[in-house]
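Below: one structure, written as structure tokens.
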Amino acid sequence: MTLQKHAVAKALADRINALLEREEYCADGLAQMLEYPPNGEMGDVALPCFKLAKAFRRPPAAIAEAICDGFSISGISKIESVNGYLNFFIDRTYAANKIIGEVLERKEKYGASNEGEGKTVVLDYSSPNVAKPFHIGHLGTTVIGHSLKKLFAFNGYNCVGINYLGDWGTQFGKLIVAYRKYGSKEMVEKDGIDALVALYVRFHKEAEADPKLEDEARAEFTKLEHGDAENTALWKWFIDISIAEYQKTYRQLGIDFDSWKGESFYSDKMPAVVEELKEKKLMKIDDGASIIDLSAYNMPPCLILKRDGSSLYPTRDIAAALYRKNHYHFDRAVYVTSAGQCLHFAQWFKVVELMGYDWAKDLIHVPYGTVSLNGEKLATRTGNVILLRDLFDLAIEKVSAVINEKNPDLENKEQIAEDVGVGAVVFYYLSNNRMKDINFVMDDALSFDGNTGPYVQYTYARTCSVLSKSGCGEDDIKKFASAKADISDDEYEVIKALSMYPERVASALAEFEPSLITRYILDLATAYNRFYHNEKILTAENEEQKNFRIALTAATKYVLGSAFELICLKKTEKI
Ligand code: ARG
């Protein structure tokens with residue numbers, strides 16, 4: 001609950017109960033009814049009194065008048081009744097004291113909760129298919145997934161981030177065939193994942209003319225499944241090359257994983273699942289394939305085994321979920337993929353439920369909208385993709401050019417260019433609600449004007465620079481939290497923005513929506529920049545003003561930094 005709601009809710013509940021002459025409302029219930037007015041002239045929080053109409057059996061305006069008449073709350077400087085609304089104005093000095101005091105005390109922990117204490121969440125995200133290019137279509141699962149992990153951890157959950165690599169399947173048969181026919185050790189060593197992608201594309205081209213290649217590929221994969229030494233060595237090598245490539249991108253994003261157990265890890269765990277499904281009489285044979293009928297739940301059947309007995313994507317997911325439950329004893333398992341996989345997850349979640357596992361309810365699919373490029377579907381085969389690596393390189397190059405022009409002597413400028421360039425792309429992506437389909441526009445992703453990553457990272461650097469110029473240490477600043485008497489509108493907007501953080505964090509987690517944090521960052525950065533432009537900080541009229549504004553700057557720095565962490569944005573102290 002924000003300070004604004006907290007300051008009002010209890011006293012208001014007591015007041016209403018007294019008027020009703022019964023215990024109808026509690027503080028928490030009332031806090032739910034409070035709203036934030038669209039502008040400061042209407043107060044800091046407001047109660048729309050139509051929500052009390054049933055209890056009072058009177059029109060909202062009369063209710064508002066009755067509550068307002070002779071009512072006062074400590075810490076609230078004014079209460080007014082307007083058109084059926086009660087508007088509450090917080091005493092600014094009181095609010096400033098409380099909020100800045102709390103931020104300076106808790107620093108980057110401000111806004112965190114311990115709701116998840118003792119609970120474990122496993123998050124399955126990023127999970128690219130080995131030897132396929134890592135492109136902008138993977139940005140969503142990677143940054144949404146990691147932000148959710150950060151959000152869970154910030155709220156006290158024990159988190160396990162899993163990269164469920166697509167490292168098993170007939171595509172490895174294809175790669176092995178293509179490598180032996182058209183590839184060489186030298187070319188793969190030289191070009192890494194690009195060579196693998198080229199081999200894969202070549203295979204498909206050749207197989208169009210010569211379908212026998214498909215049979216050869218299947219045979220090589222079967223050999224791999226049976227542990228053939230040569231094929232296993234090649235397969236491992238292909239995976240290592242792919243991971244090395246992904247790691248570069250993950251490092252730029254500041255992302256790491258706790259587990260890299262991919263699909264192959266579950267290949268020997270599938271027969272037991274199939275057995276269990278049989279035992280529980282869930283499976284039936286349909287045209288030679290083994291399926292689970294889900295028509296009672298309005299879904300097409302879940303496919304467990306192909307006609308040739310090989311297992312399928314849902315089977316592996318079921319095996320993985322059982323393993324993770326036993327291994328991590330998770331309280332929740334979160335899967336982040338594009339919305340195109342919604343049916344897949346709904347189906348196999350249902351199967352786990354039908355198997356009798358009550359924890360099926362703890363399986364959560366977090367989908368996101370599709371990404372298109374130039375208005376068209378992404379497609380590796382036609383080349384309508386942008387590799388993440390190339391996108392990041394372009395962004396970094398663009399930032400470097402700006403730095404070289406404006407601040408050529410900046411220390412550590414390569415790293416800063418990387419942090420800001422990558423940050424621009426991430427911020428652009430996370431600015432949208434996750435379910436929104438995105439038409440990726442390169443120029444927008446690389447734009448530095450307006451509400452962008454570089455703008456907020458620049459604001460962070462600005463707070464750092466004010467603080468370092470002030471010459472004050474953390475302990476000095478903490479003492480400045482006790483505020484002065486008159487707080488200007490610009491200062492107060494920053495305080496209000498700071499006060500909103502805990503609630504935004506809670507909503508972002510509850511809705512699995514990192515974009516709420518992105519938008520919050522913009523609100524706070526905008527408020528701080530307005531304050532910075534309108535008020536003098538280090539050259540303020542007197543010591544009290546100056547100290548207060550330094551404290552406000554320090555609080556802004558902590559909260560921006562904390563929010564950056566949550567959405568994989570680097571904290572740039574200098575730009
Ligand atoms: N490798 C899959 C793909 O690229 C995503 C895996 C998502 N996670 C899962 N447990 N199914 O489409």
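The values are calculated or read from the model by the stated rules, or taken from the named source; none is laboratory data. Every value quoted in this text rests on a predicted model; they were computed, and no experiment measured them. A quick note on method: Cβ atoms are made from the backbone with ideal geometry, for glycine too, and the neighbour counts reach across all protein chains shown. Calculation scope for accessible area: heavy atoms of the full protein, side chains included, ligands and nucleic acids excluded. Shrake-Rupley method; radii C 1.70, N 1.55, O 1.52, S 1.80 Å.
Does any residue of the range 461-477 turn out to be part of a helix (DSSP H, G or I), open to solvent by less than 30 Å² (accessible area, probe 1.4 Å), closer than 21 Å to Y368 by Cα and of a type outside the set (D, E)?
no
Provide a single number: the residues in the range 12-38 that are of a type in the set (D, E) and in contact with a helix residue (DSSP H, G or I) (Cβ under 9 Å, 6 or more places away or on another chain).
Residues that pass the stated criteria total 4.
Looking at G192, G161, G111, which one is within 16 Å of the ligand (Cβ to nearest atom) and within 31 Å of the chain's Cα centre (by Cα)?
G161
Within the range 14-43, take every residue that is more than 30 Å from the chain's Cα centre (by Cα) and outside any helix (DSSP H, G or I) and give me the one that is surrounded by the fewest Cβ atoms within 10 Å (Cβ to Cβ).
E21
Go over the candidates T539, T553 one by one and state the one that is surrounded by fewer than 21 Cβ atoms within 10 Å (Cβ to Cβ), more than 21 Å from P38 (Cα to Cα) and at pLDDT 95 or above.
T539
Please go through the range 417-444 and pick out each residue that is over 18 Å from I403 (Cα atoms) and either open to solvent by less than 30 Å² (accessible area, probe 1.4 Å) or in a helix (DSSP H, G or I) (or both).
V426, F427, Y428, Y429, L430, I438, F440, M442, D443, D444
Of the residues that make up the range 36-45, is at least one within 19 Å of E503 (Cβ to Cβ) and without any contact (Cβ under 8 Å) to a residue 24 or more places away in the chain?
Yes, there is a match, as at least one residue in the range 36-45 is within 19 Å of E503 (Cβ to Cβ) and without any contact (Cβ under 8 Å) to a residue 24 or more places away in the chain.
Among the numbered criteria (1) open to solvent by 30 Å² or more (accessible area, probe 1.4 Å); (2) more than 30 Å from A153 (Cα to Cα), which single criterion is violated by A46?
For A46, the failing item is (1).
Quick grid of which residues meet (1) touching a residue at least 40 places away in the same chain (Cβ under 8 Å); (2) of a type in the set (K, R); (3) more than 16 Å from the ligand (Cβ to nearest atom); (4) surrounded by fewer than 16 Cβ atoms within 10 Å (Cβ to Cβ):
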{"residue": "D124", "(1), (2), (3), (4)": "yes, no, no, no"}
{"residue": "G137", "(1), (2), (3), (4)": "yes, no, no, no"}
{"residue": "V143", "(1), (2), (3), (4)": "yes, no, no, no"}
{"residue": "K150", "(1), (2), (3), (4)": "yes, yes, yes, no"}
{"residue": "G166", "(1), (2), (3), (4)": "yes, no, no, no"}
{"residue": "V177", "(1), (2), (3), (4)": "yes, no, yes, no"}
{"residue": "K181", "(1), (2), (3), (4)": "no, yes, yes, yes"}
{"residue": "V188", "(1), (2), (3), (4)": "yes, no, yes, no"}
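For the range 44-60, what are the residues that are out of contact with any Gly (no Cβ under 6 Å at 6 or more places or on another chain), in a helix (DSSP H, G or I) and not aromatic (F, W, Y)?
K51, L52, A53, K54, A55
Can you find a residue that is of a type in the set (D, E), more than 16 Å from the ligand (Cβ to nearest atom) and closer than 30 Å to M283 by Cα anywhere in the range 347-360?
yes
If I filter the range 362-404 down to residues being within 20 Å of E245 (Cβ to Cβ) and basic (K, R), which single residue comes out as least open to solvent (accessible area, probe 1.4 Å)?
Of everything passing the filter in the range 362-404, R389 is least open to solvent (accessible area, probe 1.4 Å).
Being within 22 Å of A555 (Cα to Cα) and open to solvent by 60 Å² or more (accessible area, probe 1.4 Å) narrows it down to one of Y85, Y94, so name that one.
Going through Y85, Y94 in turn, the sole match is Y94.
Is it the case that A525 is of a type in the set (G, A, S) and more than 29 Å from the chain's Cα centre (by Cα)?
Taking the combined requirement at face value, the residue does not satisfy it.
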